[in-house]
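Asks: The structure that follows is given in the form of C-alpha cells.
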Amino acid sequence: MAEAKSERNLRIERPLSPHLQVYRPLINMTMSIIHRMTGAALYFGTILLAWWLTAAATGPAYFNYVSDIFGSLLGRVVLIGYTWALLHHMIGGLRHLLWDTGRGYDLKMIDRLSWGSIILSVLLTGAIWFTQMPGGLGALVR
Amino acid sequence: MKMRTPLKNVRHLGSAHEGADHFILQRLTAVANVVLGIFLVWLVAKLAGADYAAAKALLRNPLVALGLLLLILSGMIHMRLGMQTIIEDYIHGEGAKLAALALNTFFAILVGVASVFAILKLSFGA
C-alpha cells in the first residue's frame, strides 16, 4: 500500500473502470439504490419510534404534544413516507431473500419483481392510510 | 512452516476474524423484521388518534410490549449491519470510516436502549 501513496504514482492519471453513469438506468439498478435509501431513511426514522415511545412513557401532556406533531400535516407526510419506506424495504427484502435461494434471476423475472415491489408498496401504503388511519391520507385528500 | 493452529483451521475465519456472520445475521433479522414490521404497522394503525389512556393501556399489554422489544432488538441489529455496509461502501478515508462505524454502533444502541427503557417503564412503571 505504501508505494501507491508515493508522489510519483499520485500524478499518473489512471484509467478508471466504467461506472454507473455509462449505463442506461435499469429498473433493478434503481431498485437497488432505493433499497439503500429506504434503509437509511428507516435507520434515522427509528428516532421517531424511540421519541414516540418515550413520550408515551413520560406522561399525558408530553404524549399529546408529540401526538399533535405527528398528526400535523408535515407529521403525516413524514409518517406516510415512513410507511412507504418500510413496506418498500420489506418487499424488496423479500425479493432479496428469494434471490438468496438462487431463484428469480432470469431478466424478465427481475424486471417483474422490481416493478411489482414498487407498485405493491405504493398500493399497500395507500390502503393502510386510507382505511386504517383516522384523519390519515383520506383526510389529506378530502 | 504452517503458522496456523489446528483451532484456527477448524474455525475457518481468516484474518478478519469473522466468517459469514454479517450475511447470516442480516438475513435472519430480515425474516424476523417482516413479521415484526407488520406488527408495528398494525400497532401504529391501532393507536392512531387514540388518547393517552388508550395508548398506554395497549402499550402495557404484555404481548404488545414483547412484540415491540423483539422488533427493537431485531431492528437495531439489522439496521446497524445495513448502515455498516453503506459506510464501508462510500467512506474511504480510514479515520472517517472508523469514526462513522463507531457512531453507527452508538446510534443503534442509543435508540434501542431508549426505546426499551420506555417500553419497560410503560409496562412496570406507575
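The values are calculated or read from the model by the stated rules, or taken from the named source; none is laboratory data. If you're wondering where the values come from, they're calculated on a predicted model, not measured in any experiment. Cβ coordinates were reconstructed from backbone atoms using ideal geometry, including for glycine residues, and neighbour counts include every protein chain displayed.
Asks: What about residue B:40, is it modelled with pLDDT of 95 or more, more than 10 Å from every other protein chain (Cβ to nearest Cβ) and closer than 30 Å to residue A:95 by Cα?
Replies: When the stated conditions are applied, residue B:40 does not pass them.
Asks: Among the residues that make up the range B:11-29, is at least one of them within 9 Å of chain A (Cβ to nearest Cβ) and either touching a helix residue (DSSP H, G or I) at 6+ places or on another chain (Cβ under 7 Å) or of a type in the set (Lys, Arg) (or both)?
Replies: yes
Asks: Right, something else. Within the group B:103, B:70, B:59, which residue is aliphatic (A, V, I, L, M), assigned to a helix (DSSP H, G or I) and within 10 Å of chain A (Cβ to nearest Cβ)?
Replies: B:59 is the lone residue from the list that is aliphatic (A, V, I, L, M), assigned to a helix (DSSP H, G or I) and within 10 Å of chain A (Cβ to nearest Cβ).
Asks: If you don't mind, another one. Confirm whether residue A:93 is within 10 Å of chain B (Cβ to nearest Cβ) and touching a residue at least 60 places away in the same chain (Cβ under 8 Å).
Replies: Judged against the criteria, residue A:93 is not a match.
Asks: For residue B:86, all conditions in the list (1) modelled with pLDDT of 95 or more; (2) farther than 18 Å from residue A:35 by Cβ hold save one; what is the number of the exception?
Replies: Every condition holds for residue B:86 apart from (2).
Asks: Just checking, how many residues over the range B:6-22 are small (Gly, Ala, Ser) and under 19 Å from residue B:80 (Cα atoms)?
Replies: 3
Asks: Identify, please: which residue in the range A:103-130 is of a type in the set (S, T, N, Q) and closer than 11 Å to residue A:28 by Cα and is, among those, surrounded by the fewest Cβ atoms within 10 Å (Cβ to Cβ)?
Replies: Ranking the qualifying residues of the range A:103-130, first place goes to A:114.
Asks: Just to check your reading of the model, which residue among A:51, A:115 is of a type in the set (Phe, Trp, Tyr) and at the interface with another protein chain (Cβ under 9 Å from one of its Cβ atoms)?
Replies: A:51
Let's see how each residue does on (1) free of Cβ contacts under 8 Å to residues at least 12 places away in the same chain; (2) buried (at least 18 other Cβ atoms within 10 Å of the Cβ); (3) touching a Gly at 6+ places or on another chain (Cβ under 6 Å); (4) part of a helix (DSSP H, G or I):
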residue	(1), (2), (3), (4)
B:54	yes, no, no, yes
B:66	yes, no, no, yes
B:75	no, yes, no, yes
B:80	no, yes, no, yes
B:95	yes, no, no, yes
B:111	no, yes, no, yes
B:114	yes, yes, no, yes
B:123	no, no, no, yes
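Asks: Run down A:81, A:59, A:71 and say which single residue is under 27 Å from residue B:59 (Cα atoms) and either away from chain B (no Cβ under 11 Å) or in contact with an Asp or Glu (Cβ under 8 Å, 6 or more places away or on another chain) (or both).
Replies: The conditions single out A:81.
Asks: Suppose we keep only residues that are of a type outside the set (D, E, K, R) and in contact (Cβ under 8 Å) with a residue 24 or more places away in the chain within the range A:49-76. Which one would you say is surrounded by the fewest Cβ atoms within 10 Å (Cβ to Cβ)?
Replies: A:73
Asks: Grab the helices (runs of 4 or more DSSP H) fully contained in the range A:1-118, keeping just those with 1 or more residues being within 13 Å of the chain's Cα centre (by Cα) and of a type outside the set (Val, Ile, Thr).
Replies: Counting at least 1 such residues, we get A:27-58, A:73-100.
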